[in-house]
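Below: the structure, in structure tokens.
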Amino acid sequence: MVEKAYNSTRVVVHADHIRNNIEVLAGKTGAGVLKMAVVKADAYGHGAVNVSQITEDLVDWYGVASVEEAMELRDARISKPILVFGVPGVHNASIYERYNLTAVVSDLRQLGILHPGTRYHLEFDTGMGRLGLLPEQVAEVRDAVSKADHLQVEGIMSHFATADEPESGKVLEQLELFRSVRAQFPEHFLTHMANSGGICYYPASHFDMVRHGISMYGYSPGTTAEKELKPALSWEATVVQCRALKKGQSVSYGARWAAPDDGFLITVPVGYADGIPRLLSGRFNVMLNAKPVQQTGTVTMDYIMLYSGVPAGIGNSTVLLLDTESAHAGVWAKTLGTIPYEIVCGISPRIKRIVVNGDS
Ligand SMILES: *Cc1c(COP(=O)(O)O)cnc(C)c1O
């Protein structure tokens, strides 16, 4: 895919913020707990290879959704253990061995699919309602695990449904169920359950390892703001056109917005194909040369428009769509009634990601 030119738009990934966030989270878990950086979905839009390189000296494991995502990391010479959350199948079983990946077994049939020597963790569904072995299957699971002695079982895990809510009764139920399952397997199994919500709100869920995704990228897992976390991503674009707009002239598809006064129409080369949801049309501000300006008219596939009382220079004006301070992805998410995860994952791969460290 051809990337949009460096100077028309770029996503800036702040390495120091990601490192700060890992330290903040480590402060919550304490020193003895292992850390898994969850870098699925191209590290929530930040670039999986970028984030893995930024974090390799700080974390113990990586977590990805698919073997393809894991292969990308291995090809980039990431050597830490990688846990593949997705379901192993006949078509990809050989890759775990070849790329030195750890499988998640969520159904006993998978034990017959994985190749000899493959390492795996058992996943139990304690209430998430998605993937996993059932707690009432424990005896059967233990039996199958001991029979599958061509494989290496190494860990046991589960996933929360509601850990983004502090004081969730469901979290406590899941925890209790997981503990009772856990107790029926040998002590040395690496045990892990906590996502970002678990890390922030449920110390009892930390076990041997935590799996941080959204919080590592700087967003609070729930509606309670975690003030020490710093959003790691900003998104910039340059102005490609600026021309006079007369009072009453309409802007964009549907002609739903018209200039309240004489002013300037400013066109910026990013649209819904780049990850600005069309439902945000007219509902967000950007910073244009460090001043807030409301986006106007319908968001189009490749462009958004701004209206301003003063002109902006073409090619040398900076439009900041998202920043790492108060105008971060969580603001768009709130306006849309969704979560920051969906906003950052939605930023198109056609936009170049640039890593910076500190003020550089
Ligand atoms: C995505 C995912 C995580 C990370 O969740 P966050 O809420 O982003 O911290 C942890 N564990 C599993 C199994 C996941 O799929």
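The values are calculated or read from the model by the stated rules, or taken from the named source; none is laboratory data. Just so it is clear, the model here is predicted, and its values are computed rather than measured. Positions of Cβ are generated from backbone atoms using ideal geometry, with glycine treated the same way; all protein chains shown enter the neighbour counts. Quick note on the areas: whole protein, heavy atoms, side chains included, nothing else; ligands and nucleic acids left out. Shrake-Rupley method; radii C 1.70, N 1.55, O 1.52, S 1.80 Å.
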Checklist outcome for this item: SER158: passes all of (1) within 28 Å of GLU97 (Cα to Cα); (2) more than 22 Å from the chain's Cα centre (by Cα); (3) of a type in the set (S, T, N, Q) but (2)
Next on the checklist: Name the single residue that is nearest to the ligand (Cβ to nearest atom) among those in the stretch 241-261 being surrounded by 15 or more Cβ atoms within 10 Å (Cβ to Cβ) and aliphatic (A, V, I, L, M).
Outcome noted: VAL251
Checklist entry - Restricting attention to the stretch 154-171, which residues are under 20 Å from GLU187 (Cα atoms), more than 15 Å from the ligand (Cβ to nearest atom) and out of contact with any Lys or Arg (no Cβ under 8 Å at 6 or more places or on another chain)? => result none
Next on the checklist: I'm trying to understand the selection: among the residues of the stretch 25-55, which are more than 15 Å from the ligand (Cβ to nearest atom), under 17 Å from the mean Cα position of the chain (by Cα) and open to solvent by 50 Å² or more (accessible area, probe 1.4 Å)?
Outcome noted: GLN53
Checklist entry - Out of all the residues in the stretch 70-81, is one or more under 19 Å from the mean Cα position of the chain (by Cα), within 30 Å of ALA225 (Cα to Cα) and charged (D, E, K, R)? => result no
Next on the checklist: All but one of (1) within 25 Å of ALA148 (Cα to Cα); (2) within 16 Å of the ligand (Cβ to nearest atom); (3) in contact with a Pro (Cβ under 9 Å, 6 or more places away or on another chain) hold for GLU97; state the number of the condition that does not hold.
Outcome noted: (2)
Item to check | Cβ pairs under 6 Å, 6+ apart, first in the stretch 86-107 and in contact (Cβ under 8 Å) with a residue 12 or more places away in the chain and under 20 Å from ALA41 (Cα atoms), second aliphatic (A, V, I, L, M) and open to solvent by 40 Å² or more (accessible area, probe 1.4 Å) | outcome: GLY86/ALA65; PRO88/ILE113; TYR99/MET71
Checklist outcome for this item: Exactly one of ALA70, ALA103, ALA76 is among the aliphatic types (A, V, I, L, M), over 23 Å from VAL141 (Cβ atoms) and touching a Phe, Trp or Tyr at 6+ places or on another chain (Cβ under 8 Å), and that residue is ALA70
Checklist entry - Quick one: would you say ILE22 is more than 16 Å from the ligand (Cβ to nearest atom), of a type outside the set (Ser, Thr, Tyr), part of a helix (DSSP H, G or I) and surrounded by 18 or more Cβ atoms within 10 Å (Cβ to Cβ)? => result no
Checklist entry - Which condition number in (1) within 24 Å of LEU83 (Cβ to Cβ); (2) hydrophobic (A, V, I, L, M, F, W, C); (3) touching a Lys or Arg at 6+ places or on another chain (Cβ under 9 Å) is the one that ALA237 fails? => result (1)
Item to check | Looking only at the stretch 182-223, and only at residues there that are charged (D, E, K, R) and touching a strand residue (DSSP E or B) at 6+ places or on another chain (Cβ under 8 Å), the one that is nearest to the ligand (Cβ to nearest atom) | outcome: ARG211
Checklist entry - Where in the stretch 133-210 are the helices (runs of 4 or more DSSP H), entirely inside, with at least 3 residues that are more than 30 Å from GLU228 (Cβ to Cβ) and open to solvent by less than 60 Å² (accessible area, probe 1.4 Å)? => result 138-147, 169-182
Checklist entry - For VAL87, are the conditions met, namely being open to solvent by 50 Å² or more (accessible area, probe 1.4 Å) and within 13 Å of the ligand (Cβ to nearest atom)? => result yes
Checklist entry - Is it the case that LEU122 is open to solvent by 50 Å² or more (accessible area, probe 1.4 Å), within 16 Å of the ligand (Cβ to nearest atom) and either modelled with pLDDT under 95 or in contact with a strand residue (DSSP E or B) (Cβ under 9 Å, 6 or more places away or on another chain) (or both)? => result no
Next on the checklist: Going residue by residue through the stretch 109-129, is there one that turns out to be within 22 Å of the chain's Cα centre (by Cα), in the same structural domain as ALA194 (by TED's automatic domain parsing) and farther than 22 Å from PHE189 by Cα?
Outcome noted: yes
